[in-house]
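Engineer: I have a structure I would like to understand better, so I am pasting it below and will then ask my questions one at a time.
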Number of protein chains: 2
Amino acid sequence: MYIGVDLGGTKIAAGLVDDNLKIIKKASCPTNVGRPYSEIIKDIACLIEDILAQTGYSQSDIKSIGLGSPGVPDIKNGVLVFSNNLQWNFVPVRTELQKYFNTPVYLDNDANCAAIGEYAAGAAKQYNTTVLVTLGTGIGGGIVLNDKIHNGFNYAGGEIGHMVIKAGGIPCSCGRDGCWERYASVTGLIYMANNAAKEHPESMLTQILNKGEKLNGRNIFDCAKSGDKTALKVIEDFRYYIAVGITNIINILQPEAVVVGGGISNEGEYLLAPVREQVAKEVYTDKVPLPHIIKASLGNDAGIIGAAIVGQYQ
Amino acid sequence: MYIGVDLGGTKIAAGLVDDNLKIIKKASCPTNVGRPYSEIIKDIACLIEDILAQTGYSQSDIKSIGLGSPGVPDIKNGVLVFSNNLQWNFVPVRTELQKYFNTPVYLDNDANCAAIGEYAAGAAKQYNTTVLVTLGTGIGGGIVLNDKIHNGFNYAGGEIGHMVIKAGGIPCSCGRDGCWERYASVTGLIYMANNAAKEHPESMLTQILNKGEKLNGRNIFDCAKSGDKTALKVIEDFRYYIAVGITNIINILQPEAVVVGGGISNEGEYLLAPVREQVAKEVYTDKVPLPHIIKASLGNDAGIIGAAIVGQYQ
């Protein structure tokens, strides 16, 4: 049995994960960012103790605790070097959590944990190498090569969303212009749809805005599926930009599978089939097997399951 | 002792490499592409036999023969899957070369071999992970992670030059629009300089063209260094595009060192110092150590030295 913790800017989710990588029990509580880190880590400890109490397990049943966090971890020392979301700098997560548990504690980036979840127990289970691409507010990434997370000599790699695909393009919060996540995240989709709505007042997108509602991934896709030409063009552009970034990843890394996650991946083949077609056209060589481009299968559980076993893949 | 062979579209270079990774003796002959592969491989064998004869060594002194080739190799089976430059498809390089030598034969992509050369014996010798970026007619790449070449599940990875950095940009021979090598290779530099010369007839670039000469890496850099504003702007753009691609690689892979090779890297710090500065500004996080961005040190020998020992890094 393992404990996996997905520490986010809004909530902390924890789960008891069995040796078959199934979640037996999960629980969550708000993060309330801004408090001293010792309080937040105490809440994590309480969450874990609750789960154990509710399931009748004890600390001695737990092989390890893994924690996925936004930001850049120092994996070796179990220290979170920094995280904007958590407003943390050099927080000794391992030492702090081991005040409560006499158990090995592993720390990694949340996107890496999700990638390990999909790799070990989800959509990429049958593949030896994978890159997880999470299309959300931004684009998160996790790279698994040779049965290990690859995040580079300083543990800061895997930031695939901050790959410039349009030099001189839309400014990104990271300081660069034209990052992939400006175009192929849900935020990018909504940005393009708002622009298209302005240019095409006859579109269903504009009707939504005129009702005082906001555009979101769901209603933009719905408009496209209803035949609205403006929305359809936005979706086509969105898919094109997704394909540009995925093709870049493939030309560089050739992972056996690219797993696409995030809420928008629930659009399934309506999103992915045209992406796959575009990638097949764009990849450097068609003389070799193409990486599989597949939908993530674990949803938010990927982060918990991956965190639970992350120590085995560091 | 090892034999390294750098098989190019124009010439074949081979070298005898000692255990300290120094080239003892090298020789070359034209490739004459278009002939049956058996003839070309026979020429490789003759080249190796000549080198052995001239240095007084025999086959039994050679631990292995390694061959770097353009295109996509099947490393496991020693087969070149395909190469545009050589016009080869599924050529059994290992089997063919072993008709002449009773020695292990290893095959890999030429850019990967050059990366191994720089990693094992050149500029990246002190670093654990590296990406070699060769700025030439195109942009070649070799990725070394965890003491192994990373080229993906189908051996076709490392094509960093075909990472789109400007979606919808200049069409590339690979079929994509806006590949990095359209902007940051010597070809890209010359393209930008020719355009700038047209727009600025007063520039030194135009004077060169008016003399009936062609622009090349050397004279464009010379014009910039002489203070020609148009040429300087071209060089600034060139450095910017180099930095965009290197930053992408860093954000994704965080190698300990990025080694910049190709003839243009001889411009040294005049090229690299501003690139380094731009990368430092653009990388996703400045809270962790930055990868070193350094000039390749082995020149064309990197391919021979790397090929010689490539079997140890596959």
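Engineer: Restricting the search to segment B:164-183, which residues are more than 10 Å from chain A (Cβ to nearest Cβ) and either out of contact with any strand residue (DSSP E or B) (no Cβ under 7 Å at 6 or more places or on another chain) or in contact (Cβ under 8 Å) with a residue 12 or more places away in the chain (or both)?
Structural biologist: Within segment B:164-183, B:170, B:173, B:181, B:182 qualify.
Engineer: Now, a different point. If residue B:147 meets every condition in (1) free of Cβ contacts under 8 Å to residues at least 60 places away in the same chain; (2) within 13 Å of chain A (Cβ to nearest Cβ); (3) over 27 Å from residue B:187 (Cα atoms) apart from one, which number is that one?
Structural biologist: So residue B:147 meets the others, but not (1).
Per-residue answers, yes or no, for (1) among the hydrophobic types (A, V, I, L, M, F, W, C); (2) within 14 Å of the chain's Cα centre (by Cα):
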{"site": "B:75", "(1), (2)": "yes, no"}
{"site": "B:88", "(1), (2)": "yes, no"}
{"site": "B:91", "(1), (2)": "yes, no"}
{"site": "B:104", "(1), (2)": "no, no"}
{"site": "B:111", "(1), (2)": "yes, yes"}
{"site": "B:120", "(1), (2)": "yes, no"}
{"site": "B:128", "(1), (2)": "no, no"}
{"site": "B:148", "(1), (2)": "no, no"}
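Engineer: In addition: Before we move on, is residue A:117 away from chain B (no Cβ under 11 Å) and surrounded by 24 or more Cβ atoms within 10 Å (Cβ to Cβ)?
Structural biologist: It is true that residue A:117 is away from chain B (no Cβ under 11 Å) and surrounded by 24 or more Cβ atoms within 10 Å (Cβ to Cβ).
Engineer: For segment B:194-213, does any single residue satisfy the condition of being in contact (Cβ under 8 Å) with a residue 40 or more places away in the chain and more than 14 Å from every other protein chain (Cβ to nearest Cβ)?
Structural biologist: no
Engineer: Would you confirm whether or not segment B:288-308 contains a residue that is over 17 Å from residue B:132 (Cβ atoms) and assigned to a helix (DSSP H, G or I)?
Structural biologist: No, segment B:288-308 has no match at all.
Engineer: All but one of (1) of a type outside the set (A, V, I, L, M, F, W, C); (2) at negative phi; (3) touching a helix residue (DSSP H, G or I) at 6+ places or on another chain (Cβ under 8 Å) hold for residue A:128; state the number of the condition that does not hold.
Structural biologist: (3)
Engineer: Go over the candidates B:237, B:286 one by one and state the one that is closer than 24 Å to residue B:179 by Cβ, acidic (Asp, Glu) and either within 12 Å of chain A (Cβ to nearest Cβ) or over 18 Å from the mean Cα position of the chain (by Cα) (or both).
Structural biologist: The match here is B:237.
Engineer: Please list, ordered by residue number, the helices (runs of 4 or more DSSP H) wholly in segment B:169-263 having 1 or more residues that are surrounded by fewer than 16 Cβ atoms within 10 Å (Cβ to Cβ).
Structural biologist: Because the criterion is at least 1 residues that are surrounded by fewer than 16 Cβ atoms within 10 Å (Cβ to Cβ), the helices (runs of 4 or more DSSP H) in segment B:169-263 that meet it are B:186-199, B:204-210, B:217-225, B:229-253.
Engineer: Here's a follow-up. Just to check your reading of the model, which residue among B:295, B:287 is surrounded by fewer than 19 Cβ atoms within 10 Å (Cβ to Cβ) and free of Cβ contacts under 8 Å to residues at least 24 places away in the same chain?
Structural biologist: B:287
Engineer: Further question: Considering each residue of segment B:9-20, count those that are within 19 Å of the chain's Cα centre (by Cα) and under 16 Å from residue B:298 (Cβ atoms), and give that number.
Structural biologist: 3
Engineer: Inspect all residues belonging to segment A:108-127 and state whether any of them is under 27 Å from residue B:178 (Cβ atoms), touching a strand residue (DSSP E or B) at 6+ places or on another chain (Cβ under 7 Å), not assigned by TED's automatic domain parsing to the domain that holds residue A:248 and not basic (Lys, Arg).
Structural biologist: There is at least one residue in segment A:108-127 that is under 27 Å from residue B:178 (Cβ atoms), touching a strand residue (DSSP E or B) at 6+ places or on another chain (Cβ under 7 Å), not assigned by TED's automatic domain parsing to the domain that holds residue A:248 and not basic (Lys, Arg).
Engineer: Further, regarding this structure: Filter the strands (runs of 3 or more DSSP E) completely within segment B:1-112 down to those with at least 3 residues that are at pLDDT 95 or above and crowded, with 22+ Cβ neighbours inside 10 Å.
Structural biologist: Hits in segment B:1-112: B:2-7, B:11-17, B:64-69, B:105-109.
Engineer: Specify which of the listed residues (B:152, B:141) is part of a strand (DSSP E or B) and either more than 7 Å from every other protein chain (Cβ to nearest Cβ) or under 26 Å from residue B:117 (Cα atoms) (or both).
Structural biologist: None of the others qualify; the one that does is B:141.
Engineer: Does residue A:277 meet the test of being closer than 17 Å to residue A:217 by Cβ and surrounded by fewer than 21 Cβ atoms within 10 Å (Cβ to Cβ)?
Structural biologist: no
Engineer: Look at residue A:190 and say whether it is at pLDDT 95 or above, closer than 29 Å to residue A:71 by Cα and within 14 Å of chain B (Cβ to nearest Cβ).
Structural biologist: For residue A:190, the condition - at pLDDT 95 or above, closer than 29 Å to residue A:71 by Cα and within 14 Å of chain B (Cβ to nearest Cβ) - is not met.
Engineer: Looking at segment B:255-275, is at least one residue out of contact with any helix residue (DSSP H, G or I) (no Cβ under 8 Å at 6 or more places or on another chain) and within 14 Å of another protein chain (Cβ to nearest Cβ)?
Structural biologist: yes
The values are calculated or read from the model by the stated rules, or taken from the named source; none is laboratory data. On a predicted model such as this, the values are computed, not experimentally measured, just so you know. All Cβ positions, glycine included, derive from the backbone under ideal geometry; neighbour counts span all protein chains shown.
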